[in-house]
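Let me begin by presenting the structure, written as structure tokens, before commenting on it.
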Amino acid sequence: MTFGEQPAYLRVAGDLRKKIVDGLLPPHTRLPSQARIREEYGVSDTVALEARKVLMAEGLVEGRSGSGTYVRERPVPRRIARSGYRPAGGATPFRQEQADAAARGTWESSSEQTEASGAVAERLGIEPGDRVMRTRYVFRDGGEAMMLSTSWEPLALTGRTPVMLPEEGPLGGMGVVERMAAIDVVVDNVTEEVGARPGLAEELLALGGVPGHVVLVVQRTFYASGRAVETADVVIPADRYRVAYHLPVR
């Protein structure tokens with residue numbers, strides 16, 4: 001086999017990837033052994049090993065202890081809606097969707113007071129070490145974890161108010177816009193930045209991924225007259241979900 005100028009391990013990985021995508025190596029099929037790859041493509045053991053590593057890093061195959069490497073089931077990506085501002089009801093898009101009788105979504109959360117890290121302080125426009133309310137969420141669909149979120153709110157703003165705990169009290173779970181309005185803070189802007197990175201070990205453990213899987217990270221911040229009132233990191237498994245935005249045309 002002629003490999004041209006592209007590194008041999010990438011050409012081997014590319015050919016195996018095509019077989020997986022085309023269905024010649026369907027899900028749960030054992031990937032050809034390192035010796036078989038070496039013989040079929042006329043490459044060294046090192047090249048064969050590196051090609052397998054590429055496919056594993058791409059999430060196309062997975063290793064099973066004592067058994068070998070197998071083609072992974074390729075999930076059909078589902079949509080997660082992002083719409084920026086919330087409707088009059090105050091609920092987040094996730095809660096709106098789960099209000100449908102056919103939906104199977106649930107979520108759980110926990111809040112605690114802590115000190116703002118340098119990165120969080122910069123996003124909130126406060127000093128590192130200032131007190132914030134940190135709330136961690138796990139969103140599930142049919143019992144399967146689909147999304148993680150961690151939010152931070154400055155206690156200088158919400159402390160000793162009825163909305164200090166985002167998921168408790170008379171406005172618990174109503175969303176940032178409506179909760180802030182209850183303490184006369186008018187949210188007038190929200191920004192979201194979307195990036196991708198390898199998932200952290202604890203994130204992948206919670207989301208049911210494997211080391212090396214990529215996650216989407218939505219960094220969201222709500223503002224009131226230029227002052228940040230809440231910031232959050234939303235973590236979504238990139239192989240199972242797509243983020244869909246519904247943006248109004250002005």
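A few comments on the model shown:
- Tilt relative to the chain, helix 8-22 - C-alpha long axis, 0 to 90 degrees, to 10: 70 degrees
- Inter-label distance for L24 and A156, nm, one decimal - labels placed 7 Å from Cα along Cα-to-Cβ: 6.3 nm
- Length released on extending from D188 to R36, taking residue separation times 0.36 nm less the Cα-Cα span: 48.6 nm
- Histogrammed with a bin width of 5 Å, the alpha carbon distances of segment 112-192 distribute as 3, 14, 21, 23, 21, 11, 5, 1, 0 percent, first bin at zero.
- Using the Karplus relation 6.51 cos²θ - 1.76 cosθ + 1.60 with θ = phi - 60°, the per-residue 3J(HN,Hα) values for segment 211-217 come to x, x, 5, 8, 10, 8, 10 Hz, with x marking Gly and Pro.
- As a size descriptor, the averaged projected area of the C-alpha convex hull of segment 178-237 was calculated at 4.8 nm².
- Calculated FRET efficiency for the pair E5/S44, C-beta based, R₀ 25 Å, to 0.05: 0.90
- Compactness index (Cα Rg / 2.2 N^0.38 Å), segment 119-250: 1.12
- Per-residue SASA remark: R78, around 110 Å² accessible (1.4 Å probe; ligands, DNA and RNA not included).
- Dipole magnitude of segment 203-250, debye to nearest 20 (Cβ charges: Lys/Arg +1, Asp/Glu -1, about Cα centre): 260 debye
- Ordering W152, G172, P26 by Cα displacement along the dipole of the chain toward the positive end leaves P26 in first place; charges were set at the Cβ atoms of Lys, Arg (+1) and Asp, Glu (-1).
- Given charges at beta-carbon only (K, R positive; D, E negative), |dipole| of the chain in Debye: 760 debye
- Amide H contacts for I80 (H built 1.01 Å from N in the peptide plane; partners 5 or more residues away or on another chain; cut-off under 5 Å): R242, V243, A244.
- Remark: the chain is approximated by an ellipsoid whose semi-axes, taken from the C-alpha gyration tensor as √(5λ), come to 45, 19, 16 Å, largest first.
- Angle between the chain longest axis and helix 45-57 axis [Cα atoms, degrees, rounded to 10]: 30 degrees
- Note on the chain: dipole from Cβ charges, positive end direction compared against V210, A35, A51; the farthest Cα belongs to A35.
- Cα-centred dipole magnitude for segment 15-80, charges only on beta-carbon of K, R (+1) and D, E (-1), debye, nearest 20: 340 debye
- Förster-model FRET efficiency, 22 Å R0, A206 and E167, C-beta, rounded to 0.05: 0.75
The values are calculated or read from the model by the stated rules, or taken from the named source; none is laboratory data. Since this is a predicted model, take the numbers as computed values, not measurements. Note: ideal-geometry Cβ built from the backbone for every residue, glycine included; neighbour counts use all protein chains shown. Areas reflect the complete protein model, heavy atoms only, side chains present, ligands, DNA and RNA absent. Shrake-Rupley method; radii C 1.70, N 1.55, O 1.52, S 1.80 Å.
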